[in-house]
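The values are calculated or read from the model by the stated rules, or taken from the named source; none is laboratory data. Small disclaimer: the values here were computed from a predicted structure and weren't measured. Cβ placement follows ideal geometry from the backbone for every residue including glycine, while neighbour counts extend to all protein chains displayed. Ligands, DNA and RNA are excluded from the accessible area calculation, which covers all protein heavy atoms including side chains. Shrake-Rupley method; radii C 1.70, N 1.55, O 1.52, S 1.80 Å.
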Amino acid sequence: MAIEDNRSHKDYLRRMTFAAFLKSGSLAGEEETYHSDGDHHNQNAFSSNSDSQRPSNASSGSSDSSSPIYPLSPWNQTYYPSNDNTTSFSSATQSPWNQTYSPYHKSPWIYQTRNSNFEDDPDNGLIGTVVRQEGHVYSLAASGDLLFTGSDSKNIRVWKDLKDFSGFKSTSGFVKAIVITGDNRVFTGHQDGKIRVWRGSKKNPERYSRVGSLPTLKEFLTKSVNPRNYVEVRRRKNVLKIRHFDAVSCLSLNEDLGLLYSGSWDKTLKVWRLSDSKCLESIEAHDDAVNTVVSGFDDLVFTGSADGTLKVWKREQQGKEMKHVLVQVLMKQENAVTALAVNLTDAVVYCGSSDGTVNFWERQKYLTHKGTIHGHRMAVLCLATAGSLLLSGGADKNICVWKRNGDGSHTCLSVLMDHEGPVKCLTAVEEAEEDNNDGDDGGEKGDQRWIVYSGSLDNSVKVWRVTDYAS
């Protein structure tokens, strides 16, 4: 149909006189409209087909705005996104990588690796790349000088100094989340709904073995006897409440409380005790898949979902037990919540969405919405904090580096562009002091240097150095 339209348009141009053609502005207008629509449809196509987060099944009209929202809390200050732009930046405007088609399309622009701001700065930029042909990289975690990566090959690889150090493999399930405890236990969340537990050998650091799963076999057998421990799920199937029956999409630790939080596409948030691997709570947290969970300040827990909501949970005494209670719904929107990160020092929570925006809230008397950051042309897939820096990775293959200023605003310091696929996961660790000896006061907050790891659906993990320059 598009070809026929073009032919009829050309025939129309042939019939026009040359003078009439010069006076006509229809051609430019039609071409501009076509490219604009093409970009819009490509973004929607990627969002609906991406395997990074579960697409929403919730109807936009399912929530009843007239009903009261969680009367337990005085914090009912739900943010409904509008078109206000408190912090505006477009990575496309600074980058020659101005693509308007699928991010999987091979283009010469993918080799543009440096941002003009830091082009000749040795303290900022790409350090190296590790590539292993075993599928998309969905998760990563850093512990000391070791980097753990998870992919859709069911493998967990361990890297040291950008070299393959070790690895271990599960029997099934893509590795969608990894967290590491201080006692050298590794928890991995999988596509098959299981949480597996691994531990490194003290005698042989390169050897890791599986030491269990959540829930434990003992707890599973004990709970399975009582019918009250079951819940009905899709297709009239009953499952134990203590077990995820869909993909485990996210994990988060609170080692001070000795707790592990797991979010799943089964819409639940589960709370596990690290000391004995017992499931303490199973919470029906959202109306759609839980995409992200993060343990924050003041013992708060934040969850984001494909239903477009960001919720806040607090651990409180309920009778003789401690329970997590919903205290606030920070945001309701049509777009899925895809990523969360917390700045513990400044008590700020960041929320990335499938529309490419990052909203943030600060703790004052209550959590208050302070602004929206615009830096990505497609969905924000991951967030990480490093000191006063915020790192955001997107489906547009870019990593934006933001600095939080003293007045609460955010400035884009750099756009890291070297991935050939969507950036799915990020983590950052402070560079060791012996490697950061450029100044006499290298430990000052204004001159911190960070090693940033980014995992992508291009099957690679890239290592960057980023400096938190003082304003």
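Kindly indicate whether any position in the range 299-322 is at positive phi, out of contact with any strand residue (DSSP E or B) (no Cβ under 8 Å at 6 or more places or on another chain) and open to solvent by 40 Å² or more (accessible area, probe 1.4 Å). For the range 299-322, residues at positive phi, out of contact with any strand residue (DSSP E or B) (no Cβ under 8 Å at 6 or more places or on another chain) and open to solvent by 40 Å² or more (accessible area, probe 1.4 Å): present.
Residues are listed down the side, and each one gets a yes or a no for (1) in a loop (DSSP other than H, G, I, E, B); (2) free of Cβ contacts under 8 Å to residues at least 60 places away in the same chain; (3) among the acidic types (D, E); (4) touching a Lys or Arg at 6+ places or on another chain (Cβ under 8 Å):
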position: E281; (1), (2), (3), (4): no, yes, yes, yes
position: H286; (1), (2), (3), (4): yes, yes, no, yes
position: V293; (1), (2), (3), (4): no, yes, no, no
position: T303; (1), (2), (3), (4): no, yes, no, yes
position: D307; (1), (2), (3), (4): yes, no, yes, no
position: K311; (1), (2), (3), (4): no, yes, no, no
position: R315; (1), (2), (3), (4): no, yes, no, yes
position: K323; (1), (2), (3), (4): no, yes, no, yes
position: V329; (1), (2), (3), (4): no, no, no, yes
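With the structure loaded, tell me whether R236 is at positive phi and among the basic types (K, R) or whether it fails that test. Considered against the rule, which asks whether it is at positive phi and among the basic types (K, R), R236 comes out as yes. Across the range 265-292, the qualifying residues are those that are of a type in the set (A, V, I, L, M) and open to solvent by less than 10 Å² (accessible area, probe 1.4 Å), and the one among them that is farthest from K176 (Cα to Cα) is A285.
In the set (1) open to solvent by less than 40 Å² (accessible area, probe 1.4 Å); (2) modelled with pLDDT of 90 or more, K194 fails one condition alone, (1). Look through the range 129-165, keep the residues that are within 28 Å of A432 (Cα to Cα) and part of a loop (DSSP other than H, G, I, E, B), and return whichever of them is most open to solvent (accessible area, probe 1.4 Å). This residue is D161. For the range 166-191, taking the residues that are of a type in the set (D, E, K, R) and more than 20 Å from the chain's Cα centre (by Cα), the one that is least open to solvent (accessible area, probe 1.4 Å) is identified as R185. Restricting to the range 100-128, name every residue that is surrounded by 12 or more Cβ atoms within 10 Å (Cβ to Cβ), in a loop (DSSP other than H, G, I, E, B) and at pLDDT 50 or above. Correct list: D121, D123, N124. Only one of the numbered conditions (1) basic (K, R); (2) open to solvent by 30 Å² or more (accessible area, probe 1.4 Å); (3) in a strand (DSSP E or B) is violated by K365, and that is (3). Say we look at the range 394-427 and pick out the residues that are in contact with a Lys or Arg (Cβ under 7 Å, 6 or more places away or on another chain) and outside any loop (DSSP other than H, G, I, E, B); which of these is modelled with the highest pLDDT? Ranking the qualifying residues of the range 394-427, first place goes to V423. Scanning the range 225-264 for residues being of a type in the set (F, W, Y) and surrounded by fewer than 23 Cβ atoms within 10 Å (Cβ to Cβ) gives a total of 2.
Where strands (runs of 3 or more DSSP E) fall entirely within the range 166-230, those with at least 1 residues that are within 20 Å of Y138 (Cα to Cα) and among the β-branched types (V, I, T) are at 175-180, 185-190, 195-200.
Just wondering, is there one or more residues in the range 368-376 that are out of contact with any Gly (no Cβ under 6 Å at 6 or more places or on another chain), closer than 20 Å to G125 by Cβ and open to solvent by 10 Å² or more (accessible area, probe 1.4 Å)? Within the range 368-376 (the criterion being out of contact with any Gly (no Cβ under 6 Å at 6 or more places or on another chain), closer than 20 Å to G125 by Cβ and open to solvent by 10 Å² or more (accessible area, probe 1.4 Å)), the answer is no, since none of the residues qualifies.
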